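Step one of this worksheet: look at the structure below.
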Amino acid sequence: MRRKHIEFIIAVVATMLWTIAVPALAGVNPTWQELSTVGRARTHGVTAFWGGLPELNAKARIKVLNADGPGVITSIHVSAMAADGLQGLGSPPVAELIIRVFYDGQAKAAIEMPLMDFLGDVQCQSQYFSSVFLSKVKESHNFRIPMPFRKHVTIEVENPSDRKVTGYLELTYDAVATVPKESGYLRVDYRTGNLSARTPNTMFGVATAGVIVAHWLQYETEKARDGQLICEADQQFFLDGDARPTLQSMGSEDLYGGSWGFIAQQGDGQYTSILRNEKVGAAGSRVTVLRCRSLDPISFGKSCHWILTWANDGWAAERLGDSPIPYRHCVYYYSKD
C-alpha cells in the first residue's frame, strides 16, 4: 500500500476519535509540529477530596467536575485510596466507589461503574501496569482516553459505603473553540455475572455507529491454572448486521495480544497487559487482561454484537461443564447517540 494511502487511513481514524488528541490516540510520540502548536486550547485543572474540599465521607456523592464546553477531558489522576485513613490501601469500600459522567445535560449517565474498575484497577487488585490509556503505578492511577463534550460535562464520584474513604483526584481538561462533528462521546459498557461454556455469551452490544478503543476482561475458573480452558473461548464480533463474524479471535488470549494461553504472556505494556493472574482454590485461576486499541480501533457504522463462545473448542467446554465462570468486562467506546 502506498504511503499516502496509509496516511489517509490513519487520519480518518484519528478524526473519528478526537482530532485534538491525535498524539495520544495514535499511540506514538507527537511530532514537534503538534507539540509546538499554540492557541488551539486553554488547559484547566481541578482537584477533589483534599485541601478543604468535600471529602468522600460515608454515603457522600460529590461533583468532581461541572464545566461548560466545548472541551475535552485529557487526563484523570487518582491516588490510591483507603477506608478509615491511609492504612489498608484498596480496602473494600474503595472498590465500591462509583464514577458517573453526564454529557451535555443528558439525564442518563454515559459512564456509570466502579471508579477503580474504570481506571483499570479491577476490584482494587490489579498489579502495577502502564499502557497508552490506563496505568496503575506506585499508589496511583492514570486515565488518558480523551473525553470530548460540546455544551457541558458533569463528573461525580459516590461513596455508597458506611465508611469514609481517603484519597485525592486531579483532572485536566482543555477548553476549545469547537468539537469536530465527527467526534463521539466516550462511553462504557460494563458487565458482571457468570459466563457459560455451554452457550454463547453476549459481551457487548449497541445499535448505533461507534468505535471501540479499549477493553478489559476478568474471568476465572476453579478447574485450570494460568487461565487455561477459559482462554480457549473464541471472541466474535458481528458488525452492522453481518450474519457471520466480521472479525474473530481464535481464543481470548489472541484478542489480548498473546497465544497459547496466559502462562508466559506478559503483554507488551503499551497496548496489551495482564493485570491479574492468580491462583483460585486447589487448581483454579483468575486472569484479568487489558487491550488498548489506539492503533487498531474496532469501527462499525450501524451496530456491534460481540459474543464469547466455546463452540469451536468442545474439549475445553466439556471440562468446564456447567460450572459458573464469574467475570467482569468493560468496553470503552465512542458513539454519538
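Given the convex hull over the Cα atoms of segment 88-160, what projected area results after averaging over all orientations, in nm²?
Values: hull surface 21.1 nm².
So the mean shadow area of the Cα hull is 5.3 nm².
How many nm is it between the label spots at ALA311 and SER75, if each spot is 7 Å from the Cα in line with the beta carbon?
If labels sit at ALA311 and SER75, their model points lie 4.5 nm apart.
Per residue Cα convex hull volume for segment 39-176, in cubic angstrom?
Values: hull volume 14.7 nm³, N = 138.
Spelled out: Cα convex hull of segment 39-176, divided by residues, is 106 Å³.
Of the listed pairs LYS63/LYS164; LYS59/LYS108; LYS59/LYS151; LYS136/LYS164; LYS63/LYS181; LYS136/LYS223, which have alpha-carbon separations greater than 26 Å here?
On the way: LYS63/LYS164 17 Å; LYS59/LYS108 21 Å; LYS59/LYS151 29 Å; LYS136/LYS164 23 Å; LYS63/LYS181 28 Å; LYS136/LYS223 29 Å.
Listed pairs above 26 Å: LYS59/LYS151; LYS63/LYS181; LYS136/LYS223.
Between the alpha-carbon centers of segment 154-197 and segment 46-95, tell me the distance in whole angstrom.
12 Å
How many angstrom lie between the C-alpha centres of segment 206-238 and segment 281-337?
So the two Cα centres are separated by 1 Å.
How large is the Kirkwood hydrodynamic radius of segment 185-335, counting all unique pairs of alpha carbons, in Å?
On the way: mean 1/r = 0.0645 Å⁻¹.
Taking every pair of different Cα atoms in segment 185-335, averaging 1/r and inverting gives 15.5 Å.
Multiplying the sequence separation of ARG198 and ASN66 by 0.36 nm and subtracting their Cα-Cα distance, what value in nm do you get? Don't skip to the end; give the middle numbers.
Numbers: separation 132, 0.36 × 132 = 47.52 nm, distance 4.60 nm.
Working it through step by step, the gained length comes to 42.9 nm.
Find how much the distance from LEU35 to SER259 grows on full extension, using 0.36 nm per residue of separation minus their present alpha carbon separation; answer in nm with one decimal. Provide the component values of the computation, followed by the final result.
Values: separation 224, 0.36 × 224 = 80.64 nm, distance 3.73 nm.
The LEU35-SER259 span can extend by a further 76.9 nm.
How much length, in nm to one decimal, is gained on full extension between ALA58 and SER303, taken as 0.36 nm per residue of separation minus their Cα-Cα distance? It would help to have the intermediate numbers written out before the result.
Details: separation 245, 0.36 × 245 = 88.20 nm, distance 4.04 nm.
Between ALA58 and SER303, full extension yields 84.2 nm more.
Would you compute, from DSSP H runs of 4+ residues alone, the mean residue ellipticity of the chain at 222 nm, taking -39500 (n - 2.57) per run and dividing by the full residue count, rounded to the nearest 500? Don't skip to the end; give the middle numbers.
Details: 7 runs with 44 residues, N = 337.
That calculation yields -3000 deg cm²/dmol at 222 nm.
At a 10 Å Cβ-Cβ cut-off, how would you order TRP306, TRP32, fewest neighbours first? Mind dumping the intermediate values first?
Numbers: TRP306 23, TRP32 8.
Result, fewest neighbours first: TRP32, TRP306.
For TYR173, TYR327, TYR190, which order do you get if you count the other beta carbons within 10 Å of each Cβ and list the fewest first? Write down the numbers at each step before the final one.
Values: TYR173 26, TYR327 20, TYR190 16.
With the fewest neighbours first, TYR173, TYR327, TYR190 line up as TYR190, TYR327, TYR173.
Which one is right for this structure if Rg/Rh (Cα atoms, Kirkwood Rh) is calculated from it: (i) 0.95; (ii) 0.97; (iii) 1.12?
Here the calculated entry is (ii).
Every number in this text was worked out from the coordinates using simple rules, so none of it is lab data. Quick caveat, the model's predicted, so the values are computed rather than measured. Methodologically, a virtual Cβ is constructed for each residue, glycine included, from the backbone with ideal geometry; neighbour enumeration extends over all protein chains shown.
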